[in-house]
1. Rank by packing, highest mean first: peptides 316-325, 248-257, 133-142, with packing defined as the count of other Cβ atoms within 10 Å averaged across residues.
2. With the chain treated as a Gaussian network of Cα nodes joined by springs under 10 Å, which of 276, 311, 39 yields the largest mean-square fluctuation?
3. From the mean inverse distance of alpha carbon pairs (Kirkwood) and the Cα radius of gyration, derive Rg over Rh for the chain.
4. Based on the alpha carbon coordinates of segment 43-84, what radius of gyration and maximum Cα-Cα distance (Dmax) apply, in Å?
5. With everything on Cα atoms, drop me the angle between helix 315-325 and the longest principal axis of the chain, reported from 0 to 90° to the nearest 10.
6. For a bin width of 10 Å, list the pair-distance distribution of segment 1-76 built from all Cα-Cα distances, rounded to whole %.
7. Nearest 500 deg cm²/dmol is fine: what mean residue ellipticity at 222 nm does the chain get from its DSSP H runs of n ≥ 4 alone, each adding -39,500 (n - 2.57), divided by its residue count?
8. Please rank 105, 53, fewest neighbouring Cβ atoms within 10 Å first, as an exposure proxy.
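Just so you know, all these numbers are worked out from the coordinates, no wet-lab data involved. Because the structure is predicted, anything quoted here is derived from the model rather than measured. Using ideal geometry, Cβ is built from the backbone for each residue, glycine included, and neighbour counts are taken over all protein chains shown.
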Ligand SMILES: [Zn+2]
C-alpha cells in the first residue's frame, strides 16, 4: 500500500488528506490559508507536517505530496495568475516547496525522495473524480465546479488536459454573452458570470427586486441585498414556483456552457460539483432537460450523461493525492 498526501489550498483553508492508492482516507486536517508568498511555503510545510503526524503507521508508506492551488500554474510549478491569492503571483512553488519537503521527509523518517506535484485546483478536482470518484473508468471527463466562480478540469483520453503551458481547463472563462456582466478576467459575460454561485445570487436578487421571488425575499428577511443562493434553495425545496424558475434560469445557463464545452471535448460524462451542487436534483434535472435541447447529441444513444460529482469538498485534495501517487498525469 502506498499513501499520497493531497493539499488543497482554498481561499480561507488548506484541506490536507492522506489517501491510499486504493482511495481510502487515512488522515485529514485543515490549516488556515496564507496571505503572503513566504507564508504559503511555511503553511504548506506545517500542513504536511500536521498530516504526517496523524498517520497511524508513520510516513513510511508516503510516496509523494500533491498541492492544488487556486491559480494558473505553469508546467514547472510557478503560480501565474491567482485572483484569490494575488500576493502569490510568480511564486516558484514547486522549486521552493521541494527543498523544504526534502528536509521534512528526512526528519520524519520518510522513505527516500517524495514525488511533488503542484497543480491548478480544478485540475486536481477532476483528477480526484477520475481516479477515486464519480468518473472512475471513464476516459473523457469534464468537471464543472460551481462555487463563488466556476472552476473545473478536463480528462481527455485518460490523461489530464494541461495544454501547452499548463493553463488548459479554465472552463469558467469561456464567453457566453459578449454583452454580459463584466468579469474580473477583463472580458464580459463569462460562464462564471452567468452560472456560478455568485451569479445565481445576483439573478435571484434581480428577481426579488422585480417581485418575481417573494418567498425567496421573505426568507432573506425582506432585504433584496441579503438574498443568497441558500434562500433560493430553501424556497425551491418547498416547491416555491419563483425559486424553481430561478433554478431553471441557472440550469439553462449551465446547459448552454456545457453544450459549448461538449462540442470541443466530447466528454463521456459531465460532473457538476462545488457549493451549488448541494442543490442536487433541483439543479441537475433541469440542466439535463435543457442540455437535451441545447446539445445536438443531447438525446439518443450519444447523449452525454450529466451527474453530480462524487467527492464533494474533498475532490481537490483527493486529486492532489492521486497525482502524488502517480495514478494520473
Ligand atoms: Zn472571465
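1. Working: 316-325: 31.3, 248-257: 21.8, 133-142: 19.4.
Order by mean packing, descending: 316-325, 248-257, 133-142.
2. 39
3. Details: Rg = 20.3 Å, Rh = 20.4 Å.
Expressed as Rg/Rh, it is 1.00.
4. 13.6, 38
5. With both axes taken from Cα atoms, the answer is about 30 degrees.
6. Bins of 10 Å from zero give 19, 51, 26, 3 percent of pairs.
7. On the way: 10 runs with 128 residues, N = 329.
Value at 222 nm, helices only: -12500 deg cm²/dmol.
8. Numbers: 105 19, 53 12.
Listing 105, 53 from fewest to most nearby Cβ atoms yields 53, 105.
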